[in-house]
Structure formats: structure tokens, C-alpha cells
Amino acid sequence: MGTNGRGAGFERAPVALDIERNIGRNHTMIIGVISDTHLTRPTSELEELNRTVFSGADLILHAGDLVEVDVLEAFTGQEVVAVHGNMDSIEAKHTLPKIRVIELEGRRIGLTHGWGAPGGMESRVKTLFDHVDIIVFGHTHQPCNRVEDGILFFNPGAFAGRFYGIGKRTVGLLTLDETIEGEHIVV
């Protein structure tokens with residue numbers, strides 16, 4: 001598999017369209033976003049996050065570096081879409097794809113983990129997707145919520161947060177209605 005300037009093993013195609021859903025224009029869709037959990041199993045903190053911050057979410061996106069797929073069991077009762085990251089186990093890398101595209105309410109969301117140094121991450125992940133409205137990524141452990149060229153680039157930061165000495169533990173919420181908005185939450 002060539003890199004095409006996109007990092008080790010990343011190629012633009014094929015990208016599976018995992019979810020295609022139209023709930024109705026009167027509905028505001030809430031998406032919980034998490035990345036860089038760096039855990040080997042579900043924890044009480046993740047389960048609490050599911051019961052509180054993500055309780056009203058229509059969908060949860062995990063942008064990689066779970067470490068083990070079992071971590072997703074913390075999100076009982078929720079629909080979860082995830083990709084793997086560079087720190088994930090071999091099992092996680094075989095189970096989860098590197099990139100996904102999700103279509104919700106007529107909007108396309110690109111989901112990937114990311115790679116390389118934090119600087120220039122948005123430019124790198126943008127090369128993976130065509131015609132998306134939002135790109136959700138992780139890897140940098142740094143929250144990002146900005147629009148460039150009509151695309152919302154959203155990184156929830158790292159749930160691992162303080163455990164890696166990088167700062168606060170953060171997650172995100174995306175709100176889709178007539179507009180698209182991202183929000184970071186310190187947990």
C-alpha cells in the first residue's frame with residue numbers, strides 16, 4: 001500500500017460510507033466525539049461520560065487510539081463509529097478501518113486518527129477526503145474547532161489528557177441542524 005504523501009498506509013480510496021441517515025430537518029443531531037482514550041478496557045470514567053456528556057447523543061465517533069476495541073463497550077446503548085490510530089493493538093487495527101465517511105442529514109463527515117507531528121495536521125487529513133463538511137481527527141491530543149475552506153476541522157483533544165501530562169482531559173460535541181457547530185468539554 002503506497003503512502004501517496006499521506007502518511008504510512010493511508011490512501012484516499014476506497015472509503016466506506018458507513019452510515020447514511022436522514023432523521024428529518026426538524027431534528028437537531030448531536031454527535032459525541034472522543035479520541036485518544038489510550039485504555040485497554042472500559043473504565044468507570046468512560047461509562048460516566050456515556051451517562052452524562054454523551055447521554056443525549058445520536059451517535060458517538062471515536063477518532064482512534066483506543067488501544068483495545070473493548071474500550072467501546074463503555075458506550076452501552078449508543079451507536080459508535082470508530083477508526084484505529086497508531087497506538088492501537090493489532091486486533092484493533094484489524095477490526096477498525098483507518099478512515100471512514102459518515103453521511104448524516106445530508107452532511108458528510110470524514111473520520112480518521114491522523115499521523116505525524118501536530119503541525120500541519122489539518123492539511124494532511126484533508127487529503128484523505130473528497131466533498132466532506134466535517135473532518136474529525138485525533139492524534140495531536142490538542143482540541144481543534146475551526147473552519148477552513150468550508151470544512152469544519154474538529155479534534156476533541158484527548159480523553160487520556162492529564163495521564164499523558166498534556167493537559168486537560170477533553171471530549172467534544174458536534175451539533176448538526178441548519179448549521180454545524182463544534183464544542184469542547186473538559187471532563
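General remarks:
- Residue match in region 143-151 (condition: modelled with pLDDT of 95 or more, within 22 Å of VAL69 (Cβ to Cβ) and in contact with a helix residue (DSSP H, G or I) (Cβ under 8 Å, 6 or more places away or on another chain)): no
- Residues located in region 36-53, provided they are assigned to a loop (DSSP other than H, G, I, E, B) and either of a type in the set (Val, Ile, Thr) or surrounded by fewer than 24 Cβ atoms within 10 Å (Cβ to Cβ) (or both): THR37, HIS38, THR40, ARG41, PRO42, THR43, THR52, VAL53
- Filter pass, ARG100 being modelled with pLDDT of 95 or more and out of contact with any Leu (no Cβ under 6 Å at 6 or more places or on another chain): no
- Filtered residue count, region 4-35, keeping only those that are in a strand (DSSP E or B), modelled with pLDDT of 95 or more and under 23 Å from VAL67 (Cβ atoms): 4
- In region 94-124, the qualifying residues are those that are assigned to a strand (DSSP E or B) and among the charged types (D, E, K, R), and the one that is surrounded by the most Cβ atoms within 10 Å (Cβ to Cβ) is ARG100.
- Verdict on LEU128 being within 23 Å of VAL69 (Cα to Cα), touching a residue at least 12 places away in the same chain (Cβ under 8 Å) and aliphatic (A, V, I, L, M): no
- Any hit, region 170-182, residues being touching a residue at least 12 places away in the same chain (Cβ under 8 Å), buried (at least 16 other Cβ atoms within 10 Å of the Cβ) and outside any strand (DSSP E or B): no
- Residue list for region 137-155, filter: more than 16 Å from VAL186 (Cβ to Cβ) and touching a His at 6+ places or on another chain (Cβ under 8 Å): PHE137, GLY138, HIS139
- Whichever residue in region 128-137 is of a type in the set (A, V, I, L, M, F, W, C) and part of a loop (DSSP other than H, G, I, E, B) and, among such residues, is surrounded by the most Cβ atoms within 10 Å (Cβ to Cβ): PHE137
- Residue, farthest from THR37 (Cα to Cα), within region 97-137, restricted to residues that are of a type in the set (Phe, Trp, Tyr) and in contact with a strand residue (DSSP E or B) (Cβ under 9 Å, 6 or more places away or on another chain): PHE129
- Output for region 138-166, where each listed residue is within 17 Å of GLU45 (Cα to Cα) and either in a loop (DSSP other than H, G, I, E, B) or out of contact with any strand residue (DSSP E or B) (no Cβ under 8 Å at 6 or more places or on another chain) (or both): PRO156, GLY157, ALA158, PHE159, ALA160, ARG162, PHE163, TYR164
The values are calculated or read from the model by the stated rules, or taken from the named source; none is laboratory data. No experiment lies behind these values; they were computed from the predicted model shown. So basically every Cβ, Gly included, is an ideal-geometry build from the backbone, and we count neighbours across all protein chains shown.
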